[in-house]
Structures are given as C-alpha cells and as structure tokens.
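The values are calculated or read from the model by the stated rules, or taken from the named source; none is laboratory data. All values derive from a computational prediction rather than experimental measurement. So basically every Cβ, Gly included, is an ideal-geometry build from the backbone, and we count neighbours across all protein chains shown.
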Amino acid sequence: MTTLLCDLPDGVPACVTQVCESGSGLDPQHLRRLAELGFLPGEPVQVLHRGPGGREPLAVRVGDTMFALRLLEARCIRVDTTVQSLPLAA
C-alpha cells in the first residue's frame, strides 16, 4: 500500500518510494536536502511518534537515523508498507 509519510500510522514499518513536491510549496533545494538526509527510494522508514495532539513534529527513523520532520516535509515523502528492504532497528 502506497501512502504519504504524514499518513503512515506510528510504528508501521515502510519503505521510501519517492520524494516529490506534492503541492507542498517546498522548493527543489529543500526536496534535495530530504534526499541528502537519507529519504531515498528503498530506504526503510518508520514514524516513531508525533508531537503534541498527534501533530508535528514527527519523529521519524530513516535507515539508522532519527529526524524530526514537519508535516509539510512528511507530505513530500511517499512510502510503501508492502515493500521493505531491511528491517528497522528496534
């Protein structure tokens, strides 16, 4: 199942499939920065938890690294919950 990272339930492992603009208003430099941080196709990803009220920031693990993302950024990352590369570390 393909979805946006912002819609992925907490704790569900997935795999990045694409980083795209998705009408977010982020410029190409910002999207490139997400890729530089490791949000690349094939990378395992998981939303660990969300900020107050279930909003932002989102604590996200991509590969072996944890990041805090805004919803605006998480809306640009498409993930697939049926295709996974390597299991995420606990």
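Worth a mention:
- Residue list for the range 50-66, filter: out of contact with any Pro (no Cβ under 9 Å at 6 or more places or on another chain), modelled with pLDDT under 95 and surrounded by 14 or more Cβ atoms within 10 Å (Cβ to Cβ): 56
- Evaluating residue 50 against the criteria (1) farther than 15 Å from residue 82 by Cα; (2) out of contact with any Leu (no Cβ under 6 Å at 6 or more places or on another chain) leaves one unmet condition, (2).
- The lone exception for residue 32 - which of (1) surrounded by fewer than 17 Cβ atoms within 10 Å (Cβ to Cβ); (2) modelled with pLDDT of 95 or more; (3) not in a strand (DSSP E or B) it fails: (2)
- Scanning the range 69-84 for residues that are within 10 Å of the chain's Cα centre (by Cα) and assigned to a strand (DSSP E or B) turns up 69, 77, 78, 79.
- Test set (1) surrounded by fewer than 15 Cβ atoms within 10 Å (Cβ to Cβ); (2) aliphatic (A, V, I, L, M); (3) touching a residue at least 40 places away in the same chain (Cβ under 8 Å); (4) closer than 16 Å to residue 68 by Cα - residue 47 fails condition number: (1)
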